[in-house]
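Notes for the one structure printed next.
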Amino acid sequence: MRYRTLTGFVLKRAALREADEVVTFWSWEEGKARVLIRGVKKSTSRLKAALTPVSLVCLQIASSEFMPVVTSARAVKIYSGTLADLPRVAVVFSLFEMVLRSTADNQANVSVSILLRTSLDYLENSLAVDREFLTAFRLRLLSALGYQPVSSTCAQCGRKISAKRPLFWSSIFVGMICGACSRFDASARTLDLPVVSYLDKLKSESFSFSLLAEAEQTKSQAEQLLIEAFQNICERELNSKNFLAASLAS
Ligand SMILES: [Zn+2]
């Protein structure tokens, strides 16, 4: 039997039979992975550590025909502060949900791992959660997944974008595009300069945004753009899976 170690966070749990659980795990080593924990509901289970809410855990895994099985579990760091109040719990749930929806199985991604860890560190230690937190997380997750929503080059042709000309946003390319490309892109729409500079700040600063004094309209426009972009790439991920399943079946 082959053994290996996975370090990361439990994104989602689902009960299987009476005592077992299937856990969707985000790991440094293999990205998103599904593993089976046997007998975890028994009070004597030594695997309970794996299910400590919001914690960085280290799992020993054995390969098996049905699904990799957890053979030992150890909590490395427990983020109990993220469970201190309901808004924070809701935010943690949203982060995990976004990673679940936007990533493919078994593809390691160091940038996503680092983003998750720094975000939980921030939620653990901050006095209050800024309203911009989720928008910034969404933006950084898109970047970690290989998209560059805010960039000085066109997301389609790669040419430099001049800030003096009208700016365009493409839902298809999930980012800013140049004027020439915008003419052939049905999803293109003009983008206000304040929205671009606001997104730029969310991208570059830490997770503390208390000094950002943009207009509410700018903030909600930026938020909406990213929600749509995110929705788009999740659908693509889903479609490519369906496509793969269909072509394997035929
Ligand atoms: Zn272009």
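Taken together, the values in this text are just the output of simple stated rules run on the coordinates, not laboratory data. If you're wondering where the values come from, they're calculated on a predicted model, not measured in any experiment. Neighbour counts are summed over all protein chains in view; Cβ atoms, including those assigned to glycine, are modelled from backbone coordinates with ideal geometry.
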R0 of 22 Å, Cβ-Cβ distance LEU16-GLN60: FRET efficiency to nearest 0.05:
0.70
Taking the chain as the reference, fit the longest principal axis to its C-alpha atoms, fit the long axis of helix 110-125 to the helix C-alpha atoms, and give the angle between the two in degrees, 0 to 90, nearest 10.
80
Of the cross-linked pairs LYS32/LYS77; LYS160/LYS203; LYS42/LYS77; LYS48/LYS203; LYS12/LYS77, which ones have a Cα-Cα span greater than 28 Å in the structure shown?
LYS48/LYS203
Connecting C-alpha atoms closer than 10 Å in a GNM of the chain, tell me which of VAL89, VAL99, VAL57 has the biggest fluctuation.
VAL89
Within the range 1-97, which trypsin sites (Lys or Arg not before Pro) sit in a loop by DSSP and count at most 10 neighbouring Cβ atoms inside 10 Å?
ARG2, ARG17
Calculate the spin-label point distance for ASP192 paired with VAL76, positioning each point 7 Å from the Cα along the beta-carbon direction, and give it in nanometres.
4.3
Using helices alone, I'd like the mean residue ellipticity at 222 nm for the chain: each DSSP H run of four-plus residues gives -39500 (n - 2.57), total over residue count, nearest 500.
-12500 deg cm²/dmol
For THR153 and ASP200, what does the FRET efficiency come to when R0 = 22 Å and r is the distance between their Cβ atoms, rounded to the nearest 0.05?
0.95
At most 11 other Cβ atoms within 10 Å and a DSSP loop assignment: could you name the chymotrypsin sites (Phe, Trp or Tyr not before Pro) in the range 179-221 that fit?
PHE184
In Hz, Karplus ³J(HN,Hα) per residue of the range 59-73 (6.51, -1.76, 1.60; θ = phi - 60°; x = Gly, Pro):
10, 8, 10, 10, 5, 8, 4, 6, 6, x, 10, 6, 9, 8, 9
Taking the Cα centre of the chain as origin, work out the dipole magnitude from +1 charges on Lys and Arg Cβ and -1 charges on Asp and Glu Cβ, in debye rounded to 20.
560
Using modelled amide H (1.01 Å from N, peptide plane; none on Pro or chain starts), what sits under 5 Å from the amide H of GLN156, excluding residues fewer than 5 places away?
CYS178
Kindly state, to the nearest 0.05, the FRET efficiency for MET67 paired with CYS234, given R0 = 22 Å and r defined as their beta-carbon distance.
0.40
Return the single residue from SER182, SER94, SER162 with maximal mean-square fluctuation; model: Gaussian network over the chain, springs between Cα atoms under 10 Å.
SER162
Residue by residue, what Karplus-based ³J(HN,Hα) values in Hz, rounded to whole numbers, does the range 93-109 have, using 6.51, -1.76 and 1.60 with θ = phi - 60° and x for Gly and Pro?
4, 5, 4, 4, 4, 5, 5, 4, 6, 9, 10, 8, 5, 6, 10, 4, 8
What residues of the range 50-87 lie in the reach of a label at ARG38, counting those whose backbone N is under 19 Å from a point 7 Å from the Cα along Cα→Cβ?
50-51, 59-74
What residue among LEU11, LEU226, LEU145 has the largest mean-square fluctuation in a Gaussian network model of the chain, using Cα springs under 10 Å?
LEU145
Amide H of LYS32 versus every other amide H placed in the peptide plane: which residues, excluding those fewer than 5 positions away on the same chain, fall under 5 Å?
SER27, ASN106, GLN107
